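Notes follow once the structure below has been shown.
The values are calculated or read from the model by the stated rules, or taken from the named source; none is laboratory data. This structure is a prediction, so every number in the text was calculated from the model and none was measured. Using ideal geometry, Cβ is built from the backbone for each residue, glycine included, and neighbour counts are taken over all protein chains shown. Accessible surface areas use protein heavy atoms only, side chains included; no ligands, DNA or RNA. Shrake-Rupley method; radii C 1.70, N 1.55, O 1.52, S 1.80 Å.
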Amino acid sequence: MGTRIGIAGIDGRMGRVLAEEAVAAGATLVGGIDRTGKGPQGAALFADIAALAAACDVVVDFTHASSVAGHAAAIAAAGTGWVLGTTGLSAEQEAAVTAASASAPVAYAPNFSPGVTLLMALAERMAAALPPEQYDAEIVEMHHRQKVDAPSGTAIGLGQAVARGRGQDFASVREAGREGHTGARRAGAIGFAALRGGQVVGEHTLLFASGDEHIALTHRAFDRRAFASGAIRAALWLKGRPPGLYTMRDVLGLV
Ligand code: NAD
């Protein structure tokens, strides 16, 4: 029997594509849970996350940040693998994910597309080579009008990669949502701008701007399958791993 996969948020935009990709990858789609009480035709619906976790090897979870603490506790109790793609987590919710990874293998990434994972690795290397006093780092992202968190988890992940490359503390250089009389740009800051509109699946540009030149890295996702196939790949990789907190870089062997 292939890896038994359950999907939390199976009625969502990502959940429906994840269900298709699990089957396409040869895994066993056990079923899922959703607040709507619905899911794709033929998929079994479970009462709650604990019941789902007990029935499968890996839960792939693309829901909402408010679900994360409860899901983390259920996953830790069951010791089931957890591929977590939900974004917009608070520091407290991130701590719950880390705590769960002491008792279960957890793969957590703001973006499961292999292309974006590679982009983040490149961003870190470029940032290390381009001095912050000369090269201003700015991140622009655009997403569909239904997206509830901003800046996107991927944009934050790119910012964290830049800060890591430069040996900076991300929280103290992050500059999101400029408005009004902001004063001149702080040297070493990492700026963010979030656009929302239409049905854009996900676009991110990281720009390094000096007085003499601009260098831009851009990723455009045209289809949610870019994230879903990567998340299922992570689920297959996660089965049987020891408890721990893994990223998509681990899955792709980029570490
Ligand atoms: P969506 O709103 O279409 O789907 C979320 C689904 O989860 C909904 O059907 C909702 O009813 C359900 N849900 C919410 N809380 C639940 C709970 N406690 N129990 C059961 N079901 C619950 O959203 P979406 O576009 O599919 O995105 C979902 C999440 O995934 C967002 O946080 C988004 O930012 C993130 N995302 C991550 C990646 C990645 O690669 N990591 C890619 C795309 C989207």
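Residue pairs whose Cβ atoms lie under 6 Å apart, separated by 6 or more positions or on different chains, with the first residue in the stretch 153-170 and under 15 Å from A91 (Cβ atoms) and without any contact (Cβ under 8 Å) to a residue 60 or more places away in the chain and the second away from the ligand (no atom under 16 Å from the Cβ) and in a helix (DSSP H, G or I), are Q160/F170; F170/A163. Of all residues in the stretch 1-16, those satisfying the criterion of being surrounded by fewer than 24 Cβ atoms within 10 Å (Cβ to Cβ), outside any helix (DSSP H, G or I) and not polar (S, T, N, Q) are M1, G2, R4, D11, G12.
Within the stretch 115-154, the only residue that satisfies the criterion of being open to solvent by 20 Å² or more (accessible area, probe 1.4 Å), β-branched (V, I, T) and either within 17 Å of A226 (Cβ to Cβ) or more than 15 Å from the chain's Cα centre (by Cα) (or both) is V140. Residues that are surrounded by 23 or more Cβ atoms within 10 Å (Cβ to Cβ) and near the ligand (Cβ under 8 Å from one of its atoms) are absent from the stretch 17-31 altogether.
Among the residues of this structure, I215 does not count as one that is among the β-branched types (V, I, T) and not in a strand (DSSP E or B). Scanning the stretch 45-92 for residues that are open to solvent by 50 Å² or more (accessible area, probe 1.4 Å) and touching a strand residue (DSSP E or B) at 6+ places or on another chain (Cβ under 7 Å), we see that the one that is nearest to F227 (Cα to Cα) is T63.
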